[in-house]
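Chemist: Following this message is one structure expressed as structure tokens.
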Amino acid sequence: MIVWNDLSAAARVEILQRPAATAYPERGADVARLIAQIRADGDASARALTRRFDGVEIGDLCVSTEEFDACDAQLPEALKAAMRAAFARIKAFHGACAPTAVALETAPGVLCERIVVAIDRVGLYVPAGSAPLPSTALMLGVPAMLAGCKQIVLCSPPDASGSVHPTVLYAAKLCGIETVVKLGGVQAIAAMAFGTQTVPKCDKIFGPGNAWVTEAKQQVSLSADGAAIDMPAGPSEVLVIADRFANAEIVAADLLSQAEHGPDSQVILLSDDAHLIAQVQAAVARQLLTLERADVATQSIANSRFIWVDTIETALAVSNQYAPEHLLLNLQHARQYLSQIRNAGSIFLGPLTPESTGDYNAGTNHVLPTYGHARAYSGVSVASFIKLITVQTLSAEGLAAIGPEAVTLARAEGLEAHALAVQKRLDLIGADAPVEPVRPSTVASVLSLVRPDFLGFKGYSSARMEASTGATFLNANESPWPPFVDSSAAGNALNRYPAPQPPQLLQRLAEIYAVPSDMLLIGRGSDELIDLLTRAFCRAGVDRVLTMPPTFGMYKVCANVQGAIVLEVPLLPEQNFAPDWQAATRGLAAGVKLAYVCTPNNPTGGVVQRSDLVAFIKAALGRAVVVVDEAYIEFSDAPPAPDLIAEFPNVVVLRTLSKAYGLAGARVGCAIARPELIALLRTLMAPYPVASPVATAALHGLADLAQIAARIGILKSERVRLALALSSLAGVVKVWPSAANFLTFEVADAKTTYRALAALGVVLRDVSHYPGLAQNLRVSVGTPVENDQFLKALVEALASFSLPASKEAA
Ligand SMILES: *Cc1c(COP(=O)(O)O)cnc(C)c1O
């Protein structure tokens, strides 16, 4: 046992030295000679070298279709099943980690993008030194497959019979790899780097290997016409940090699992518990005796270090200095130390996490930086198989915006030709050239605004989504019986889960709103859809939501809940609370993802001009989604916003049955948008937003549209009557023009008036806390009788604090 605190600075460095690679001074020259041979004679040399090093005669270098087909029958089903399951997990995790495209406007009209392009031809090296490594074939094959590389070549050394092990072939098959070459060692690397008659030349070579393979990879990566490589490599290693809660047998097993890789593997244990270290040392000695590969493990255990440290923090500092390929934190509160780790290839957190699952089937990759390279390198992932290409596009507006500064910067560097390349274009567009920005209007431009982690997101797949037709439903753990009480009025089959989007209601709403049903998403009121949109588009602390107060409060609340940044552009009271479109348009450039336009607006009642709305939507194309909340549209004569969606994919319209349709208690609201966006939003919501009694009630409520229209007609004429009556009252300072089923009006003292009305049994909404609406109250238009009651009470209330009741009297 080594006591860290007793060591001098020099001794500390010394103790963390990796064992020097087996000294063999001629290796470089030997490898160079072998590579030259393959370059000169291709397949013939590859065969000759295989005869010399692997002791086998290979005919065809490539694995034949027959050999491929045979691997299935040669393997036990349990092994194949385990490989398939590992494949699926590796695929899931690597897919989720894959780099995504980015599009960002850095200035108006300056579009910067990053596109993801796979490396065309890649070579995977799967060693088979002492045992075939199908796991490595999966670890390299899966990300290559996910990246979409056009050509994938897999090289693995032939066994004594001249074939590649069936497990490796089975792994290649799972990854869709068709070209498997029976070559190992330097021959394989040289053949993939430079190509031979049968082995295609590769652009980048991946995979672990012994010192010869590593040297060959380094040499081909330095050759101008060679190939790139994944990372520098060295022998495998593990560092375990354990506290007194760790089980010594388990720690010993973890150390030995690494030690059995090869005689030059290194294992290190750091602990703050000397007793544990002694126990682990004893357990290692005991377990060694039982291992089949005891000879290998014994050699590498000779390089091991058992180090006592005063605290776990010291252990983490030592580990960061060493930068292990594998780091096991066998600690009681392992996660709490995660943030202190700076250098490691892969981390195994907590006492129940064996390194082996990372090696095989947890989903992470096992091709990791060794030999201290974890200080600067990462393990293999989809990113290793792709290139990130940047794209920039300047419109006239963009050129005018940043061109002059580019000229200044170019001249400061004395690069006149650079300056001219800009200046000539500036001259071309001229001072008065049209600078109307052209923005993408494809649905993709909107989907690209969705939170990046949600693209391709698979939502919960409910039983009812998976199977909606059938005779005997035994798939959703429902009760087979309906409730005892008669529930037929609430819609039958209450014991069954409802359809995620009840088809009859969906159809009915599609008719009423005159849009195809795949453009509709029904939610638990439009409130739920506001929340959903916020979640879909806004990352906490990054993305912005633009609202125009005074307006519906839920926009801001949902943004706050999500942690999105709220940008408020107040309506203009001096223009009857019309939006400040100029300020709102400027706001769009500042990372706004969702912009809410409520029309008619609650609580001011005004509608926006169609031409203003269209201009705003246009300015938002490719930048933000404009949510047009039409909760009160039925009470206005405004043209419906869903008509805009065909031309502008960045429009989402909200409708509700709560206001004009008299169904506030049912909680039914709709989002109307492009089908692609609707489909994406559906994946983000809980599976059954519309309960069956709700669907039934809503359908009943929507049965007679003529009666609904008649009621809307009454409310509209009552609105006019109320507005006139209110304006005639001396105590009423102002009645705002309203196209909704409410009126907002100003009095001398909103709070007192509110209370006086409440005392008389009439409850309004005190909106005086809204910006610009000090001393305002909002009254919903009721039945003619209710409205009379309200007017009478208001006259009484105003009189009670001794204001003349009518303007004539004043
Ligand atoms: C009432 C209201 C809503 C909420 O509608 P529900 O469908 O009942 O959730 C949405 N937007 C505005 C502007 C509202 O006034």
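The values are calculated or read from the model by the stated rules, or taken from the named source; none is laboratory data. Note that this is a predicted model, so its numbers are computed, not measured. When we count neighbours, we look across all protein chains shown, and the Cβ atoms used for this are built from the backbone with ideal geometry, even at glycine.
Chemist: Would you pick out the residues in the range 552-574 that are more than 16 Å from the ligand (Cβ to nearest atom) and closer than 18 Å to Ala740 by Cβ?
Modeler: Across the range 552-574, the qualifying residue is only Pro573.
Chemist: Then there's this: Report the residue count in the range 100-112 for those that are more than 20 Å from Gly148 (Cβ to Cβ) and in a loop (DSSP other than H, G, I, E, B).
Modeler: 2
Chemist: Any residue in the range 263-283 that is closer than 14 Å to Asn247 by Cβ sitting within a Cβ distance under 6 Å of a residue that is at pLDDT below 95? List the pairs, counting only those 6 or more apart or interchain.
Modeler: Close Cβ pairs (under 6 Å, with a partner that is at pLDDT below 95) amount to Ile277/Met1.
Chemist: A further question follows. With the structure loaded, tell me whether Pro737 is surrounded by fewer than 16 Cβ atoms within 10 Å (Cβ to Cβ), touching a residue at least 40 places away in the same chain (Cβ under 8 Å), on the phi < 0 side of the Ramachandran plot and not in a loop (DSSP other than H, G, I, E, B) or whether it fails that test. Outline the logic, then answer.
Modeler: Numbers: surrounded by fewer than 16 Cβ atoms within 10 Å (Cβ to Cβ): yes; touching a residue at least 40 places away in the same chain (Cβ under 8 Å): yes; on the phi < 0 side of the Ramachandran plot: yes; not in a loop (DSSP other than H, G, I, E, B): no.
No.
Chemist: Another question, if that's okay. Mind counting the residues in the range 665-692 that are part of a helix (DSSP H, G or I), within 16 Å of the ligand (Cβ to nearest atom) and touching a residue at least 60 places away in the same chain (Cβ under 8 Å)?
Modeler: Of the range 665-692, the ones part of a helix (DSSP H, G or I) are 665-666, 675-683, 692.
Applying the additional criterion that residues be within 16 Å of the ligand (Cβ to nearest atom) yields 665-666, 681.
Subsequent filtering for residues that are touching a residue at least 60 places away in the same chain (Cβ under 8 Å) retains 681.
Count: 1.
Chemist: Here's a follow-up. Please verify whether the range 632-650 includes one or more residues that are within 13 Å of the ligand (Cβ to nearest atom) and in a strand (DSSP E or B).
Modeler: no
Chemist: Something else: Does the range 693-708 contain any residue that is within 16 Å of the ligand (Cβ to nearest atom) and closer than 30 Å to Gly456 by Cα?
Modeler: There is at least one residue in the range 693-708 that is within 16 Å of the ligand (Cβ to nearest atom) and closer than 30 Å to Gly456 by Cα.
Chemist: Taking helices (runs of 4 or more DSSP H) that do not extend beyond the range 353-466, which have at least 3 residues that are over 20 Å from the mean Cα position of the chain (by Cα)?
Modeler: Values: elements: 355-360, 396-412, 416-429, 443-447, 463-466.
Fully inside the range 353-466 and qualifying: 355-360, 396-412, 416-429, 463-466.
Chemist: Out of the residues in the range 651-664 that are out of contact with any Ser or Thr (no Cβ under 8 Å at 6 or more places or on another chain) and not in a loop (DSSP other than H, G, I, E, B), which is farthest from the ligand (Cβ to nearest atom)?
Modeler: Out of the qualifying residues, it is Val651.
Chemist: Considering each residue of the range 510-551, count those that are within 15 Å of the ligand (Cβ to nearest atom) and closer than 24 Å to Asp580 by Cα, and give that number.
Modeler: Result for the range 510-551: 9.
Chemist: Within the group Ala723, Ala703, Ala709, which residue is surrounded by 15 or more Cβ atoms within 10 Å (Cβ to Cβ) and not β-branched (Val, Ile, Thr)?
Modeler: Just one listed residue meets the conditions, Ala723.
Chemist: Can you name the residue in the range 575-623 that is of a type in the set (Ser, Thr, Tyr) and more than 16 Å from the ligand (Cβ to nearest atom) and, of all such residues, is surrounded by the most Cβ atoms within 10 Å (Cβ to Cβ)?
Modeler: Looking at the filtered set, the residue picked out is Thr585.
Chemist: Next question, about the same structure. From the residues in the range 309-343 that are in contact (Cβ under 8 Å) with a residue 60 or more places away in the chain and in a loop (DSSP other than H, G, I, E, B), which one is surrounded by the fewest Cβ atoms within 10 Å (Cβ to Cβ)?
Modeler: So, considering only residues that are in contact (Cβ under 8 Å) with a residue 60 or more places away in the chain and in a loop (DSSP other than H, G, I, E, B), the one surrounded by the fewest Cβ atoms within 10 Å (Cβ to Cβ) is Asp310.
Chemist: Can you name every residue in the range 757-776 that is surrounded by 14 or more Cβ atoms within 10 Å (Cβ to Cβ) and not in a loop (DSSP other than H, G, I, E, B)?
Modeler: Leu757, Ala758, Arg765, Asp766, Asn776
Chemist: Next question. Take Lys387 and decide whether it is over 30 Å from Glu237 (Cα atoms) and basic (Lys, Arg).
Modeler: The answer is no for Lys387.
Chemist: For Ala82, indicate whether it is touching a helix residue (DSSP H, G or I) at 6+ places or on another chain (Cβ under 9 Å), exposed (fewer than 15 other Cβ atoms within 10 Å of the Cβ) and within 28 Å of Ser161 (Cβ to Cβ).
Modeler: Numbers: touching a helix residue (DSSP H, G or I) at 6+ places or on another chain (Cβ under 9 Å): yes; exposed (fewer than 15 other Cβ atoms within 10 Å of the Cβ): yes; within 28 Å of Ser161 (Cβ to Cβ): yes.
The answer is yes for Ala82.
Chemist: In this structure, does Ser346 turn out to be within 30 Å of Ser236 (Cα to Cα) and buried (at least 17 other Cβ atoms within 10 Å of the Cβ)?
Modeler: Yes; evaluated as a whole, the condition is true for this residue.
Chemist: For residues in the range 502-524 being crowded, with 21+ Cβ neighbours inside 10 Å and not aliphatic (A, V, I, L, M), which is nearest to Thr744 (Cα to Cα)?
Modeler: Residue satisfying both the conditions and the ranking: Gly523.
Chemist: Separate question: Name the residue, out of Val779, Val795, that is touching a residue at least 40 places away in the same chain (Cβ under 8 Å) and outside any helix (DSSP H, G or I).
Modeler: Only one candidate qualifies: Val779.
Chemist: Right, here's the next one. Only helices (runs of 4 or more DSSP H) wholly contained in the range 504-601 count here; list those with 3 or more residues that are among the acidic types (Asp, Glu).
Modeler: The qualifying helices (runs of 4 or more DSSP H) are 525-537.
Chemist: Another question, then. Which residues, counting only those in the range 276-298, are loosely packed, with under 15 Cβ neighbours inside 10 Å, of a type in the set (A, V, I, L, M, F, W, C) and either in a loop (DSSP other than H, G, I, E, B) or at pLDDT below 90 (or both)?
Modeler: Leu289
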